[in-house]
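One structure is given below, encoded as structure tokens.
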Amino acid sequence: MKKYIYDYLIVGSGLFGSVFAQIMNENGKKCLVIDKRNHTGGNIYTKEESDIKIHWYGAHIFHTDNEEVWHYINRFAKFNNYVNSPLAYSEGRLYNLPFNMNTFNKLWNVNTPEEAKHKIQEQCSKYKDISQPANLEEQALKLCGDDIYYTFIKEYTEKQWGRPANQLPASIIKRIPFRLTYNNNYFNDPYQGIPKDGYTALTNNLLKDIDVQIDTNYFNNIPYFQSIAEKILFTGCIDEYFEYKFGRLDYRSLKFEHIHLDIDNYQGNAVINYNEAKYPFTRIIEHKHFEFGKQPSTIITKEYPQEYTPSDEPYYPINDEKNLKCFNKYKLLAEKDSRVIFGGRLGQYAYFDMDDTIASAILLTKKKSLVGTLN
């Protein structure tokens, strides 16, 4: 029987790979984590400049209702009490998100939940005859009516996906939550916050005492990497792993413009969405507000959605019928390979919140027989 250097090669040091590696290492399995980027952490990487921790690949606010996940991740980071309360900018006005009484008050000048409910019902009644929405636009109009759709949803969604709303599947918007209270907390989860030392420190703590190689591309030396580990956890694109045998899966990508400003406060909030099409970016992030910063300068990031090309970083899978059909072919192929496991948003071609990513990695380790012979 061949003797391997490592029990597991983990391709990708994002949250899924790092949690998997930590648990396996804790249970006596020798792991090597590699990443093609020049840092660990994947998209949760934070880079510190001017004493401000920049969410380099977009805003990441940790939130969960899963106690197991919360207790697990608190072993590796202390969290502050940041509450996500984004704003939406439209036609010169700022509105609270999610849609709540503050939103309805500014939009319709209503003050009570009964007034808001009546207004929503009045707006939706115009589209009551749409029994089977054919696209996202019809679905949204049926759920919320004209004012909310055209103020907050239509142009923002079209920027995000790069397609007209009436060409997007209705399934993207399954429901639109209305909160009939003056509560601006975006999430309902009981646990929420930002790691006090940043996500990079969190990742470093997860990968402590584990062999890690950055600037290392699995595809540049496949035979070597396959020869050194008994099992491979692959968190990259599943279609790339199988050399695009069934074609390429589609994604949306993002571009981030980080800007240093010599003022102490640019927008007064961590996240402001820009709904209108005339703004090419979807939101502006001001990073210091994630940690209640008092620095004399500030750093903002403009986030631009864009079409994905092979030279870009894939961010959001496009889970339409065509792509899911293609992914299922890769999934069947993966199930026949006993040495490789696919995990994370790229390996599983799905969008996960951070807590779901951690829960999925924990569940995977439980399935892989931590004690005894690997199978």
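The values are calculated or read from the model by the stated rules, or taken from the named source; none is laboratory data. Note that the coordinates shown come from a computational prediction; the quantities given were computed from them, not determined experimentally. Counting neighbours? That spans all protein chains shown, and the Cβs are built from the backbone with ideal geometry, glycine included. These area figures cover heavy atoms from the full protein model, side chains too; ligands, DNA and RNA do not enter into them. Shrake-Rupley method; radii C 1.70, N 1.55, O 1.52, S 1.80 Å.
Structure notes:
- Sites TYR244 and TYR224, calculated FRET efficiency, Cβ-Cβ separation with R0 30 Å, nearest 0.05: 0.85
- Three-way shape label, the range 101-171, alpha-carbon gyration tensor, a/c 1.5: oblate
- Sequence-distant residues sharing a close amide H with LYS255 (under 5 Å, placed H): TYR304, GLN306
- Between the listed residues THR216, ASN43, THR103, the Cα displaced farthest toward the positive end of the dipole of the chain, a dipole computed from Cβ unit charges relative to the Cα centre, is found at THR216.
- Note that the range 342-359 has calculated 3J(HN,Hα) couplings of 10, x, x, 5, 7, x, 10, 6, 8, 8, 10, 6, 4, 5, 5, 4, 5, 4 Hz, one per residue in order, obtained from phi through the Karplus relation 6.51 cos²θ - 1.76 cosθ + 1.60 (θ = phi - 60°); glycine and proline are x.
- Judged by the gyration tensor of its Cα atoms, with axes a ≥ b ≥ c, the range 264-375 is oblate; a/c meets the 1.5 cut and b/c is at least as large as a/b.
- Aspartates and glutamates whose Cα lies under 20 Å from that of LYS288, excluding same-chain neighbours fewer than 8 positions away: GLU48, GLU49, ASP51, ASP197, GLU257, ASP262, ASP264, GLU303
- Taking a ≥ b ≥ c as the square roots of the eigenvalues of the alpha-carbon gyration tensor, the range 190-257 is classed oblate because a/c is 1.5 or more while a/b is no larger than b/c.
- Per residue, the chain exposes 49 Å² of solvent-accessible protein surface, assessed with a 1.4 angstrom probe and all protein chains in place.
- Given in Å, the Rg to one decimal and the Dmax to the nearest whole number for the Cα atoms of the chain are 22.4, 74.
- Against the main long axis of the alpha-carbon atoms of the chain, helix 113-125 sits at an angle near 90°.
- Shown in residue order for the range 276-281 are the 3J(HN,Hα) couplings computed by the Karplus curve 6.51 cos²θ - 1.76 cosθ + 1.60 at θ = phi - 60°: 7, 5, 5, 9, x, 9 Hz (x for Gly and Pro).
- Size of charge dipole - the range 269-309 - debye, nearest 20, with Cβ of Lys, Arg +1 and Asp, Glu -1, no other charges: 160 debye
- Using a Förster distance of 51 Å, the FRET efficiency for ASN185-ARG339 (Cβ separation, nearest 0.05): 0.70
- Accessible surface of MET101 - all protein chains present, 1.4 Å probe, nearest 10 Å²: 0 Å²
- With all protein chains modelled, accessible area of PHE256 [1.4 Å, Å²]: 40 Å²
- Cα convex hull volume per residue for the range 297-362 (Å³): 161 Å³
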